[in-house]
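For reference, the structure discussed in these notes is given below.
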Amino acid sequence: MMKAAGTELANVLVGTIAGLFGLCLIGATMLPLGGALQEIEQSVLFGLLVVIYQLDGAASKRRKRPIARVTISVLTLFLTLRYLDWRFTQTLPFGYGDVNLILGIALLGAELHGIISAIMGQIINIHPLDRTLQTMQKPTSSYPSVDVLIPTYNEDVDVVETTVIAATQLDYPRARHKVYILDDGGTDAKLAKPGEAGEAARERAAALRQLATKYGATYLTRAKNEHAKAGNLNHALQHISGDLILILDCDHVPSADFLRRTVGFFKADPKLFLLQTPHNFITPDPIERNLSTFDVMPAENELFYNIMQPGLDFWGAAFFCGSAAILRRHVLDEIGGISGKSITEDAETTVKAMCRGYRTAYYNRPMVSGLQPETFTGFILQRIRWAQGMLQIFMLDNVWFKPRLSFMQRLLFTNFAFYWMFPLARAILLLMPPLFLFFGFNVAVTTPRQLLVYAVPYYLAAILNSQYYYGRVRWPFISQIYETAQTVFLAVGIFSVIRHPRAPSFKVTPKGEMLDKDFISPLTWPFYALFALAASSLVIDVWRVITEPQLRWALVFVGFWVILDVAVLLGVIGALTEHKQMRRLPRVRYTEPVYVRAPGGPWCKAQGRDLSRGGAGILLQDPSFAAEVGQDVELLIAAEGMPLASKIVHVAQAAEGGLIVGLQYRAQTVGEARTAVAAAFGSSARLVWNMKRKHRGVSGVYGFLFLFRIGFRGTFRHLRIAALMLAARLGRIRRSRRSVTEQDVTPRVPMSGRRRRLAAATRN
């Protein structure tokens, strides 16, 4: 309790100091300065920003240097406010016609969205919380009881099975936790459907019942699929009685220490309602997979889970993300269960609990191994649900009219909804250069000197600030690929929810799909048009630089803008090339020693490369072991005790010497299945290592060149696959035409009555 009170006091102090800084800065930016003084001020402030950035750049954990953090934020904010003062007072095209003025205001609005989002990011991250482990004391009989809920709808049974196995072997007293499979694909209504749909539902329900019996879980379903995931969880609340509830998406495999590391937080704070942990993914999202960046750079979601959530936790605004979280049961009963008014039931439930005076917390340690959507279509479906859900909460359950929320909680929850307006801002930024270059619309009145004094320091400061706060988990310019790829489709979803806030319905994100061939996403066509527009704009820009020297510097500035758009759109087009999936079960990197032997032979030491539920990759450098495809072997993983019967399915020469051997586990007993899951997914320490190995910052120049590289490479693949698809389609058309032609030229011989009867009998 004292610790919580101290945190609240710190919140008040930091908020007060930040507010005073803000007032001082706003006042300072209003001071009129002459041209020379303005240039000196901008240069000095930007130079100071660079110096502090470089001095603190060697810090592995910048959270340990709060003075540097605050100073960098203050300097960036000052340059930003100077830029905004200039944009509002000197650049709007008054007197150039109504169309120009409307477009100029639209451009300024798009810039404001990005600036406000950046400022909110700095406020969120003023002092991120790094919570320490709260250990549980013996005796174990005093431990809170935990119900582990695994909701599922239509996911593959193999996906659900892996999660169930891991959940039933959590390192927690077995008498104090129970595992439940909540099958919303096996409802009475679905089982009663006629035809193939009903038969498929019955087969899947039977498989899940058998799975529950096999591994010691409990199977639950209900009469109808009402209120989607929220309804499924609320139905389960009627059948369980644990003190705490751990909710896991059916593709989120928990590490063995999940409960041991999290339950203690609830013993330490009786007012704690929610403890959220990161969503850690062991498969790439479609953009990472199609651009081949998954093993190279940090994952896209790490900005939120590694940076934003710890920052929100400081302000008491960490929120439920739907999975990998523990909730206090009696609070759920008090607020009426999981909320279902919006399609983001998790964030809505958080707000309701906060309004009752309960607290939330965030423990930043990856302890689940999750799956991303395999296709770009599934990715977009997921993001539309997030965007619509956050806007629904703001429109239907406005936090500014809720009781007992702090000002910062209200502001930050508003920011969640505001952020998802980025598709509108991004669309404006994409369309402005062509409007200027093709039609001559004057959307901003400025001079080259003003651009150099106001715009350049602001843009460079924004890049440096982003690098300082987010550089180790988000490389420069990568966000623009993700935002641009979502822009067209999210914009439609946003307009839909604004028109009819209650209309959007919950749609399950497809997981565990298997892509059996390369193909071009059907959602690509808008980006062909945008790329053609950007590329032609670049050509026009070069031509106008040559023919209109009086506008040269403005055209050069717009040219850089268009070049960035072209690079981003190349990346988006490359990301929309869906690649064939080579493995059915996801693997995690594993570099510890393993042992392999032929049945009855001696054990040979090898080096692990990766593990999955169904197999392993190893590096074998022992010349005494002759590995051959099809050979039966046994694999012993050093951390586990039971050898796994396997078959060699792949052998290749390793660049570092030795053989890369791919193993597939044979039909497993329950014990072998548990060993395989524990070896691959049981250690959260390995998940931490796998995440941090990609945490390296890169420079802005490197990020820009990297953007071009992955864009050109991805687009080349895209064009190659598009050409192959077109050739295949033309081949089918030619064969079809040839078949029709052959039928047309084949002479038809009149049949006698006997021959007609014989032909009919043959057909029957």
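Note on region 350-391: residues that are assigned to a helix (DSSP H, G or I), aliphatic (A, V, I, L, M) and either free of Cβ contacts under 8 Å to residues at least 24 places away in the same chain or touching a Pro at 6+ places or on another chain (Cβ under 9 Å) (or both) total 5.
Among the residues of region 187-233, those that are open to solvent by 50 Å² or more (accessible area, probe 1.4 Å) and either touching a residue at least 40 places away in the same chain (Cβ under 8 Å) or not in a helix (DSSP H, G or I) (or both) comprise Ala192, Lys193, Pro194, Lys214, Thr218, Ala223, Lys224, Asn225, Glu226, His227. The residue that is surrounded by the most Cβ atoms within 10 Å (Cβ to Cβ), counting only those in region 647-661 that are of a type in the set (A, V, I, L, M) and in contact (Cβ under 8 Å) with a residue 12 or more places away in the chain, is Val661. Could you tell me which residue of region 590-609 is farthest from the chain's Cα centre (by Cα), considering only residues that are open to solvent by less than 30 Å² (accessible area, probe 1.4 Å) and within 22 Å of Asp295 (Cα to Cα)? Checking each candidate, the answer is Gly608. Counting only residues that are assigned to a loop (DSSP other than H, G, I, E, B), open to solvent by 20 Å² or more (accessible area, probe 1.4 Å) and within 29 Å of Leu719 (Cβ to Cβ), region 264-301 holds 7 of them.
Kindly indicate whether any position in region 579-589 is free of Cβ contacts under 8 Å to residues at least 12 places away in the same chain, within 36 Å of the chain's Cα centre (by Cα) and under 30 Å from Glu640 (Cβ atoms). Yes, that holds for at least one residue. Of the residues contained in region 415-426, one or more are found to be among the charged types (D, E, K, R) and within 23 Å of Glu483 (Cα to Cα). Given the structure, is Glu634 more than 30 Å from Glu300 (Cβ to Cβ), assigned to a strand (DSSP E or B) and at pLDDT 90 or above? Yes, satisfied.
Residues checked against (1) over 16 Å from Gly231 (Cα atoms); (2) open to solvent by 10 Å² or more (accessible area, probe 1.4 Å); (3) under 23 Å from the mean Cα position of the chain (by Cα):
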{"position": "Ala318", "(1), (2), (3)": "yes, no, yes"}
{"position": "Asp346", "(1), (2), (3)": "no, yes, yes"}
{"position": "Thr350", "(1), (2), (3)": "yes, no, yes"}
{"position": "Ala353", "(1), (2), (3)": "yes, no, no"}
{"position": "Arg356", "(1), (2), (3)": "yes, yes, no"}
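Per this entry, Glu513 is not counted among residues that are modelled with pLDDT of 90 or more and not in a strand (DSSP E or B).
Every test in (1) of a type outside the set (Gly, Ala, Ser); (2) touching a residue at least 40 places away in the same chain (Cβ under 8 Å); (3) in contact with an Asp or Glu (Cβ under 8 Å, 6 or more places away or on another chain); (4) surrounded by 19 or more Cβ atoms within 10 Å (Cβ to Cβ) is passed by Leu644 save one, and that test is (2).
With (1) within 16 Å of Phe304 (Cβ to Cβ); (2) at pLDDT 90 or above as the list, and Ala427 as the residue in question, which single condition is left unmet? Answer for Ala427: the failing condition is (1). Scanning region 678-703 for residues that are closer than 20 Å to Ser466 by Cβ and either open to solvent by less than 20 Å² (accessible area, probe 1.4 Å) or not in a helix (DSSP H, G or I) (or both) gives Lys694, His695, Arg696, Gly697, Val698, Ser699, Gly703.
The values are calculated or read from the model by the stated rules, or taken from the named source; none is laboratory data. What you see is a predicted model, and the numbers here were worked out from it, not measured in a lab. Positions of Cβ are backbone-derived with ideal geometry, glycine not excepted, and every protein chain shown enters the neighbour counts. The protein model used for the area step is the full one, side chains on, heavy atoms only, and it has no ligands, DNA or RNA in it. Shrake-Rupley method; radii C 1.70, N 1.55, O 1.52, S 1.80 Å.
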